[in-house]
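Engineer: Please read through the structure below; I'll follow up with questions.
The values are calculated or read from the model by the stated rules, or taken from the named source; none is laboratory data. What you are looking at is a predicted structure, and each value in this text was computed from that prediction instead of being measured. Every residue, glycine among them, receives a Cβ derived from its backbone with ideal geometry; neighbour counts consider all protein chains shown.
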């Protein structure tokens with residue numbers, strides 16, 4: 001195993017994540033690169049006349065972070081076993097990635113702790129700026145920089161500044177357009193306030209006035225790059241009023257609105273677009289389905305489900321590009337557009353290794369400036385972890401186990417529920433749990449940790465409901481979160497069954513008894529979408545628990561039995 | 001049920017006559033709390049309802065089960081010889097499946113309407129169109145009504 005210094009300077013047989021069509025072919029190209037250096041990471045076989053640069057789901061991470069990709073990411077129905085529903089060794093095999101390599105660390109969960117110690121943190125807005133500047137230096141008149149949303153939420157400073165920190169830093173990088181999801185959890189007034197001053201397009205062709213069913217935001221923005229007319233159509237997260245508190249944006253309606261997407265594509269073509277790009281927060285499976293049904297989209301820059309794929313998934317003539325999350329990756333797509341048609345493309349998922357890519361000085365200064373008022377709180381040490389703390393995965397993650405333990409202990413409940421969010425950073429064993437780290441996993445505008453009584457039947461109904469949001473075989477009925485995490489209770493899930501019959505053997509762990517549908521249990525949780533939910537903020541609950549424990553240790557969670565894979 | 005002013009204007013262009021829900025105004029078939037299948041049979045007189053011609057728009061997942069937007073358009077030349085006469089809208093999982101019957105004529109120009117309906121739980125919205133030649137067409141779409149609250 002190389003240490004980080006060797007990794008930086010020694011010859012490694014793999015350099016960058018460089019993709020062309022078809023699983024497996026990119027590795028051969030990557031292998032041609034000898035050194036893992038900034039130049040290697042940025043090396044790109046420039047082609048054509050249009051360059052798309054895509055970041056998405058940064059979740060307000062200004063600084064480099066650790067983020068462990070999921071070890072469990074199941075697909076059901078037609079997408080079973082297809083990317084992104086491939087993890088671990090299967091993923092490495094599919095894309096021909098060498099175990100232990102930088103790419104394996106960036107894209108997989110296998111051997112995560114050791115590799116994280118070798119290869120270090122990823123992301124950071126100042127590193128993203130460096131990559132962006134380098135692409136723009138070469139392709140000034142050809143480049144579009146597009147942000148897939150979930151940019152403003154997910155950190156202590158974004159919460160404290162109501163996203164002003166992210167807006168200022170992103171503005172300095174001069175995006176050409178963005179779409180949205182968690183942005184709306186700051187409330188409609190704040191969104192409008194920011195969007196009014198935004199020096200680029202805030203697109204959402206599927207955002208409508210709930211009363212009049214009229215478009216509430218711009219759908220499409222037309223650009224000219226390299227002499228080519230490029231239409232960018234925005235698609236916000238379709239299920240905002242279902243998955244997030246509707247009362248925060250009561251007059252807006254979202255939805256997939258496939259017919260509307262088709263109309264907007266047709267309109268863009270009629271207006272002379274030679275390339276149509278869907279800047280989407282649909283989630284991967286929804287976008288894959290949409291690519292097969294809506295005609296005339298050349299590229300879907302997908303977001304929401306946080307998948308990072310080193311090659312595009314191609315549906316018909318549409319490239320579906322998945323650029324990861326938390327600033328870990330930046331995608332570059334070069335298109336050769338001739339006579340209103342894409343004749344060829346090159347793609348590279350650029351991993352933002354923060355120890356390899358030099359920070360852009362101006363952006364570092366800006367990031368430090370927006371964080372400066374909060375440095376003391378950010379760095380406050382609450383305790384330490386003996387275990388890897390991570391969130392991603394379909395059923396559980398150790399960070400949510402910690403949150404559930406804290407809820408059961410501090411809120412004196414039988415059972416705890418933690419939403420299956422996909423955002424939140426990773427902490428390595430032995431590291432301090434700071435306020436910043438805790439907020440990376442909990443920061444939101446509806447943090448109340450409730451405590452209520454629920455019947456066994458209701459708990460079952462909730463689990464069935466959430467499971468169907470994740471495992472409905474029709475992607476258009478999926479919401480893109482992971483399964484709700486449950487503490488104090490075990491259960492069995494058959495992902496292949498229909499709603500109402502997936503969940504069984506619900507067991508109260510402290511007694512080993514089966515959950516009685518008629519009996520009442522004390523349940524605590526957080527992030528309820530209901531207005532007026534009472535309780536202390538979840539970060540205070542967890543902070544108190546960590547301070548009492550001083551050092552937390554999480555044992556592997558075996559309380560969920562999964563069938564039907 | 002609520003039809004906004006603008007939707008009412010929109011409807012006015014397409015439908016010369018519009019009878020909105022309220023079980024009392026529905027055809028006799030839907031007065032009793034019959035199943036949606038019974039209501040369809042009564043509407044078609046037992047004739048087979050074919051698929052096609054109807055484009056039905058609903059959200060996949062309801063944002064608010066109390067007011068779910070539903071829109072349909074039936075493909076037809078809308079001439080004296082060949083037009084859509086009636087369109088029955090049902091919610092097959094509601095305690096009373098009957099929602100509305102829309103009446104059209106060759107003067108309607110198009111057989112299209114939109115409204116909002118209440119859905120008690122996850123269920124199909126069913127639309128059946130009666131054509132002037134006595135044939136029937138049917139379409140349905142599943143609308144999920146979730147408990148919500150754990151996505152993202």
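Engineer: Restricting attention to the range A:525-538, does a residue exist that is touching a strand residue (DSSP E or B) at 6+ places or on another chain (Cβ under 6 Å) and closer than 29 Å to residue A:564 by Cα?
Structural biologist: yes
Engineer: Turning to a different aspect of this structure: From the set of residues in the range B:124-144 that are surrounded by 21 or more Cβ atoms within 10 Å (Cβ to Cβ) and within 14 Å of another protein chain (Cβ to nearest Cβ), which is nearest to the chain's Cα centre (by Cα)?
Structural biologist: B:143
Engineer: Please state which one of A:519, A:497 is under 28 Å from the mean Cα position of the chain (by Cα) and either away from chain B (no Cβ under 14 Å) or surrounded by 21 or more Cβ atoms within 10 Å (Cβ to Cβ) (or both).
Structural biologist: A:497
Engineer: Inside the range A:178-200, can you point out the residues that are in contact with a strand residue (DSSP E or B) (Cβ under 8 Å, 6 or more places away or on another chain) and surrounded by 23 or more Cβ atoms within 10 Å (Cβ to Cβ)?
Structural biologist: A:178, A:179, A:180, A:184
Engineer: Just give me the residues in the range A:195-213 being within 14 Å of another protein chain (Cβ to nearest Cβ), out of contact with any helix residue (DSSP H, G or I) (no Cβ under 8 Å at 6 or more places or on another chain) and farther than 24 Å from residue A:445 by Cα, in sequence order.
Structural biologist: A:211
Engineer: Which residue is farthest from residue A:187 (Cα to Cα), if the candidates are limited to the range A:525-552 and must be assigned to a strand (DSSP E or B) and within 14 Å of chain B (Cβ to nearest Cβ)?
Structural biologist: Out of the qualifying residues, it is A:525.
Engineer: Another question, then. Looking at this structure, is residue A:557 in contact (Cβ under 8 Å) with a residue 24 or more places away in the chain and surrounded by fewer than 20 Cβ atoms within 10 Å (Cβ to Cβ)?
Structural biologist: Criteria met by residue A:557.
Engineer: Within the range A:441-494, considering only strands (runs of 3 or more DSSP E) that don't extend past its boundaries, which have at least 1 residues that are within 12 Å of chain B (Cβ to nearest Cβ) and over 20 Å from residue B:142 (Cβ atoms)?
Structural biologist: In the range A:441-494, the matching strands (runs of 3 or more DSSP E) lie at A:449-455, A:485-487.
Engineer: Suppose we filter the range A:132-159 for residues that are assigned to a helix (DSSP H, G or I) and either outside the structural domain of residue A:305 (by TED's automatic domain parsing) or touching a helix residue (DSSP H, G or I) at 6+ places or on another chain (Cβ under 6 Å) (or both); how many remain?
Structural biologist: Selection size over the range A:132-159: 4.
Engineer: Scan the range B:110-148 for residues that are in a loop (DSSP other than H, G, I, E, B), in contact (Cβ under 8 Å) with a residue 60 or more places away in the chain and over 28 Å from residue A:210 (Cβ atoms) and report the count.
Structural biologist: Adding up the residues that qualify gives 2.
Engineer: May I ask you to list the residues in the range A:498-507 that are part of a loop (DSSP other than H, G, I, E, B) and touching a strand residue (DSSP E or B) at 6+ places or on another chain (Cβ under 9 Å)?
Structural biologist: Answer for the range A:498-507, where residues must be part of a loop (DSSP other than H, G, I, E, B) and touching a strand residue (DSSP E or B) at 6+ places or on another chain (Cβ under 9 Å): A:499, A:501, A:502.
Engineer: Report, by residue number, each residue of the range A:418-440 that is under 21 Å from the mean Cα position of the chain (by Cα), under 22 Å from residue A:544 (Cβ atoms) and assigned to a strand (DSSP E or B).
Structural biologist: Hits for the range A:418-440 are A:418, A:427.
Engineer: OK, next. Run residue A:387 past the list (1) closer than 26 Å to residue A:182 by Cβ; (2) in a loop (DSSP other than H, G, I, E, B) and report the number of the one that doesn't hold.
Structural biologist: (1)
Engineer: If you check A:251, A:244, A:264, which single one turns out to be away from chain B (no Cβ under 11 Å) and either out of contact with any strand residue (DSSP E or B) (no Cβ under 8 Å at 6 or more places or on another chain) or more than 19 Å from residue A:177 (Cα to Cα) (or both)?
Structural biologist: A:251
Engineer: Could I ask something else about it? Given the conditions (1) crowded, with 23+ Cβ neighbours inside 10 Å; (2) within 12 Å of the chain's Cα centre (by Cα); (3) more than 14 Å from chain A (Cβ to nearest Cβ), and given that residue B:92 satisfies all but one, which numbered condition is not satisfied?
Structural biologist: (1)
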